[in-house]
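Participant: I have a structure here, written as structure tokens, and I will follow up with some questions on it.
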Amino acid sequence: MAGNNRRSIFRRRKAGLTDYRRRLKLLRGQKPRAVVRVSNTRTTCQLVTWAADGDLVSISMTGSDLVKKHGWPNDNSLKSVPASYLVGFAMGKAAMASGSSEAVLDIGLAASTRGGRVYAALKGMVDAGLDIPHSDGVFPDEDRLTGAHINDKMTKAIEDTKKSIEGAY
């Protein structure tokens with residue numbers, strides 16, 4: 001008898017990939033989603049809109065794009081706080097150049113940790129001009145965004161990469 005009233009479990013929820021309640025709330029807003037994902041190797045930021053036959057990714061930036069297109073040093077991390085900030089900044093600049101000016105943050109199943117890499121990417125998108133609802137208290141410290149906590153060479157690399165991104169869009 002207890003098995004008859006059980007909700008069906010969706011495949012992606014069962015695999016721990018999608019929180020369908022949170023996704024539905026984001027989709028009801030009918031704004032593009034600024035999706036941030038941090039993998040084992042890089043940070044990825046995408047501007048995604050909903051369509052009946054599947055989500056449409058209009059803009060996508062990864063840590064690898066920083067190296068290929070904007071001169072980020074090859075030996076630097078592609079998922080650090082500064083790299084996440086720059087990936088978000090590049091995605092935000094590309095979104096503004098394509099005519100998108102607002103979005104809502106989608107962090108998926110990632111932990112919502114103040115000052116983390118997800119919020120570093122959000123800070124980059126906001127600094128690029130995207131209008132995304134947020135609280136300023138979630139952003140990492142400026143020293144972490146500029147790489148001052150890592151070493152002095154990191155600060156120069158961040159400045160150079162940011163100038164390259166601004167010049168590209």
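Participant: Kindly provide the set of residues from the stretch 147-169 that are surrounded by 19 or more Cβ atoms within 10 Å (Cβ to Cβ) and not in a helix (DSSP H, G or I), ordered by number. Before the answer, list the steps.
Facilitator: Initial filter on the stretch 147-169 (surrounded by 19 or more Cβ atoms within 10 Å (Cβ to Cβ)): 147, 154, 157-158, 161-162, 165.
The answer is Gly147, and nothing else.
Participant: Restricting to the stretch 97-123, give me the number of residues that are within 17 Å of Leu47 (Cβ to Cβ), of a type in the set (Gly, Ala, Ser) and in a loop (DSSP other than H, G, I, E, B).
Facilitator: Going residue by residue through the stretch 97-123, those that are within 17 Å of Leu47 (Cβ to Cβ) are 97-108, 118, 121-123.
Among the residues that remain, those that are also of a type in the set (Gly, Ala, Ser) are: 97-101, 103, 108, 121.
Subsequent filtering for residues that are in a loop (DSSP other than H, G, I, E, B) retains 98-101, 103, 108.
The number of residues fulfilling the criteria is 6.
Participant: Something else about it: Filter the stretch 41-62 for residues that are at pLDDT below 95 and either polar (S, T, N, Q) or under 29 Å from Asn151 (Cα atoms) (or both) and give the result.
Facilitator: Thr49
Participant: Identify, by number, the condition in (1) touching a strand residue (DSSP E or B) at 6+ places or on another chain (Cβ under 7 Å); (2) among the hydroxyl-bearing types (Ser, Thr, Tyr); (3) loosely packed, with under 14 Cβ neighbours inside 10 Å that Ser39 doesn't meet.
Facilitator: Failing condition for Ser39: (1).
Participant: Looking at (1) within 25 Å of Glu142 (Cα to Cα); (2) at pLDDT 95 or above; (3) hydroxyl-bearing (Ser, Thr, Tyr), find the lone condition where Ser77 falls short.
Facilitator: The single condition Ser77 does not satisfy is (2).
Participant: Return the pairs, sorted by first residue and then second, in which the second residue is among the small types (Gly, Ala, Ser) and assigned to a loop (DSSP other than H, G, I, E, B), the first residue lies in the stretch 96-120 and is over 16 Å from Ser39 (Cβ atoms), the beta carbons are less than 8 Å apart, and the residues are 6+ apart or on different chains.
Facilitator: Within 8 Å, the pairs are Met96/Gly129; Ser101/Gly129; Val104/Gly29.
Participant: Then there's this: For the condition surrounded by fewer than 20 Cβ atoms within 10 Å (Cβ to Cβ), at positive phi and of a type outside the set (Ser, Thr, Tyr), what is the one hit in Gly137, Gly115? It would help to see each step written out before you state the result.
Facilitator: Working: Gly137 fails: at positive phi.
Step by step, each of Gly137, Gly115 is checked, and only Gly115 is surrounded by fewer than 20 Cβ atoms within 10 Å (Cβ to Cβ), at positive phi and of a type outside the set (Ser, Thr, Tyr).
The values are calculated or read from the model by the stated rules, or taken from the named source; none is laboratory data. Remember, predicted model here, so these are calculated numbers, not experimental data. All Cβ positions, glycine included, derive from the backbone under ideal geometry; neighbour counts span all protein chains shown.
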